[in-house]
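S.K.: Please read through the structure below; I'll follow up with questions.
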Amino acid sequence: VSQSRYFRPFPRAGEGFTLLEILLAVGIGVIFMGGAVVLLSSTFEDKGIKDTSDLLRDAAREAREQALTSGARQVVRLDADRVNNQAIPEGVRIDFWRPGMQKKEWAIPQDVQWEFTGGGLVEPVRLRLVHGENMEILEFNALTGEARRQLPKAR
């Protein structure tokens, strides 16, 4: 058996890929890459919103723990650019909603006192965080004080 049967440095006529096969393979690759980009871009979070969300969650958790430990009422103070005197990231806007307000009536907080009772109950509020085109809504549970993230409806 000659070695040329197993190893040919140059393909014979009729071997290899046609231009159509190469274009088809490249087209399929482009489609998969486009899908991957869309999938990955939707998983990235806005850093300003994430940092503000973390700040709000931490403030709520801390106030609830102090209320349960001490048995005394605790308050988280919300302003347009601060949470408990801590500045929120620049460019992020907090909108505030509490029971008693109209359903679609959001207000910019100005010295809002968000109350946590000594028994651990939390005043239920919704906070909408807006940064440029990005938005997230946090709804805080009255019993646990934990925030549930709501995805905004398509505009």
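Computed from the coordinates by the stated procedures, all read-outs in this text should not be read as laboratory data. All of these numbers come straight from a predicted model, not from anything done at the bench. Here the Cβ is made from the backbone with ideal geometry for all residues, glycine too, and neighbour counts use every protein chain on show.
S.K.: Compare the peptides 128-136, 16-24 by average per-residue count of other Cβ atoms within 10 angstrom and give them in order, highest first. The partial results should precede the final answer.
M.R.: Values: 128-136: 16.7, 16-24: 9.6.
Packing proxy ranking, top to bottom: 128-136, 16-24.
S.K.: Sorted from largest to smallest, which semi-axis lengths in Å does the alpha carbon gyration tensor of the range 74-155 give for its equivalent ellipsoid, taking the root of 5 times each eigenvalue? Numbers along the way, then the final one.
M.R.: Values: eigenvalues 84, 52, 27 Å².
So the three semi-axes of the range 74-155 are 20, 16, 12 Å.
S.K.: Same structure again: For the ranges 54-66, 91-103, what's the packing order if you count other beta-carbon atoms within 10 Å of each residue, average per peptide, and put the highest first? Walk me through the intermediate numbers first.
M.R.: Working: 54-66: 17.1, 91-103: 14.0.
The most tightly packed comes first, giving 54-66, 91-103.
S.K.: Tally Lys/Arg at +1 and Asp/Glu at -1 over every other residue whose Cβ is under 13 Å from the Cβ of residue 66; what's the total?
M.R.: Details: positive: 61, 64, 73; negative: 58, 62, 65, 115.
Residues close to residue 66 contribute a combined charge of -1.
S.K.: Could I ask something else about it? Return the long-range amide H neighbours of residue 125 (sequence gap of 5 or more, or a different chain), with a cut-off of under 5 Å between placed amide H atoms.
M.R.: 140
S.K.: Next question, about the same structure. How charged is the neighbourhood of residue 85? Take every other residue with its Cβ under 14 Å from the Cβ of residue 85, and add Lys/Arg as +1 and Asp/Glu as -1.
M.R.: -3
S.K.: Still on this model: I'd like the Karplus ³J(HN,Hα) series for the range 96-110: coefficients 6.51, -1.76, 1.60, θ = phi - 60°, whole numbers in Hz, and an x wherever there's a Gly or Pro.
M.R.: 10, 9, 9, x, x, 8, 4, 4, 9, 9, 9, 10, 7, x, 10
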